[in-house]
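Beneath this line is the structure, given in structure tokens, with notes to follow.
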């Protein structure tokens, strides 16, 4: 198995891409800390992993709180006796608007896309170093590679994620810690429905959520949104030893949208 004996955690693992990743990593032999704000979703993912014979620890956390961003690392490492990988998957679509913006919406987007992942990363680095190295993955976005007219605030945050990943990859390579980003395009998840149906996004007027998902997903060359498992497959590669010479990458998984 591709992650046999590895210990890691996945944030925002209660649904969508994070859920698919946590289940996939466990199926490949990893012990996984399953982190989400929704306790029922956490319990469901843990139960699915354990029913398949895998190992998981459920952690309910509100990652807008600095202490929770640290606690998830400590609890995972203490429970499984170490830490080898982290997938900083948590994020937030933020507002669509720029003008007349409520700055509380901007703050929430920056907290969940940047602040919490920074704190979790800072806490995890000594744990990875103690194991002789490891791997960290950040969920950025195609909006962190090319500007999104639909989500300027989100683009702002995700460009920051990509820049942080590239700098950190250089800084911690000497510690045998690889740091990469995955950049999904539109993926058929609950979060995509939040993105497309934001009330301040004028282009959504007169369309229901599922129509919007089909429309956005169909904009790329492959004519469909991606699937959570397709992101999980790419995340598995980047976090596993198979990607041992991949460091500082921002990998688009977008059906060719940024080609």
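The values are calculated or read from the model by the stated rules, or taken from the named source; none is laboratory data. No experiment lies behind these values; they were computed from the predicted model shown. Cβ coordinates were reconstructed from backbone atoms using ideal geometry, including for glycine residues, and neighbour counts include every protein chain displayed.
Observations on the structure shown:
- Considering the conditions (1) closer than 30 Å to residue 256 by Cα; (2) in a loop (DSSP other than H, G, I, E, B); (3) in contact (Cβ under 8 Å) with a residue 60 or more places away in the chain, residue 98 is excluded by exactly one of them, (3).
- Among residues of region 164-194, those that are free of Cβ contacts under 8 Å to residues at least 24 places away in the same chain, in contact with a helix residue (DSSP H, G or I) (Cβ under 9 Å, 6 or more places away or on another chain) and either buried (at least 24 other Cβ atoms within 10 Å of the Cβ) or under 22 Å from residue 121 (Cβ atoms) (or both), counted: 0
- Only one of the numbered conditions (1) touching a strand residue (DSSP E or B) at 6+ places or on another chain (Cβ under 9 Å); (2) not in a helix (DSSP H, G or I) is violated by residue 147, and that is (1).
- Just one residue in the set 117, 90 is touching a residue at least 24 places away in the same chain (Cβ under 8 Å), assigned to a helix (DSSP H, G or I), within 15 Å of the chain's Cα centre (by Cα) and within 18 Å of residue 239 (Cα to Cα); that residue is 117.
- Of all the listed residues (114, 128, 137), the sole one being in contact with a helix residue (DSSP H, G or I) (Cβ under 7 Å, 6 or more places away or on another chain) and crowded, with 24+ Cβ neighbours inside 10 Å is 137.
- Pick from region 125-144, criterion in a helix (DSSP H, G or I) and within 20 Å of the chain's Cα centre (by Cα), ranking: farthest from residue 163 (Cα to Cα): 127
- Tallying residues that are modelled with pLDDT of 70 or more, over 26 Å from residue 136 (Cα atoms) and out of contact with any helix residue (DSSP H, G or I) (no Cβ under 7 Å at 6 or more places or on another chain) within region 216-245 yields 6.
- A count restricted to region 225-254 and to residues that are in a loop (DSSP other than H, G, I, E, B) and surrounded by fewer than 14 Cβ atoms within 10 Å (Cβ to Cβ) stands at 2.
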